Amino acid sequence: MDVATISPARLAELCQSGRVTLIDVRTPAEFREVRVPIARNIPLDRLDPAAVLRERNGAGGGPIYVICRSGSRGRQACEKFIAAGFTDVVNVDGGTLAWAECGLPVIRGRKAISLERQVRIAAGLLVLTGVILGWLVHPAFLGLAAFVGAGLTFAGITDTCGMALLLAKMPWNQCRTPETSA
């Protein structure tokens, strides 16, 4: 599925010339750490394209721009909108990382471990645990390492990570008082 993209610099130009709808689909903790000032946080696992479109009624048309950390979750969110019948959706190329690298304004808050890094930590610990238990307790525990390896392969092929979706729901990736808009 082809998803339209826009550079952070071009989106910043559009922001100066008028109202832009920008949805950040990262976890609330990632959003709290660093965000584009005009972005509204709707985590990918809670994104309901129909609800977003209902909220826009009367707020004017135009595209919905989607941003994440580096572009992958943004593309997935765009695909959700397209599947729901809304094709005027655009992914910010390179995500928040590219936005900040361009020197565009961001709001910085409390530091958090990115979801991508949490996945690497969890996968590494599960593989290490499986190998150690397989060596010390019973060879059947090597299946844990194989399961994680299969999951990572699936994630690489499909660009959808079940472990990331699970980690996104963890309490440390949530905010007590969500900052849903700038």
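A short reminder: the numbers here are calculations on the coordinates, not readings from a lab. Since the model is a prediction, treat every value here as computed from it, not as a measurement. Every residue, glycine among them, receives a Cβ derived from its backbone with ideal geometry; neighbour counts consider all protein chains shown.
Here are some notes:
- Debye, to nearest 20: dipole size of the chain, +1 on Lys, Arg Cβ, -1 on Asp, Glu Cβ: 520 debye
- P(r) tail fraction, the range 115-173 - alpha-carbon pairs more than 16 Å apart, %: 47 percent
- Compactness of the range 62-159, taken as the C-alpha radius of gyration over 2.2 N^0.38 Å, stands at 1.49.
- When you filter the trypsin sites (Lys or Arg not before Pro) in the range 74-137 for DSSP loop state and at most 16 other Cβ atoms inside 10 Å of their Cβ, you are left with Arg110, Lys111.
- Rg/Rh ratio calculated on Cα atoms of the range 1-136 (Kirkwood radius): 1.07
- Neighbour counts of other Cβ atoms within 10 Å put Thr5, Thr160 in the fewest-to-most order Thr160, Thr5.
- For the residues Cys78, Cys68, Cys102, a GNM of the chain with alpha-carbon springs under 10 Å puts the largest fluctuation on Cys102.
- Fluctuation leader among Asp93, Asp24, Asp159 - the chain, Gaussian network, Cα springs under 10 angstrom: Asp159
- The DSSP beta bridges internal to the range 4-108 are antiparallel in roughly 15% of cases.
- Bridge orientation summary for the chain: considering DSSP beta bridges with both residues in this region, about 15 percent are antiparallel.
- Gaussian network model of the chain, springs between alpha carbon atoms under 10 Å - residue of Gln118, Gln16, Gln76 with greatest fluctuation: Gln16
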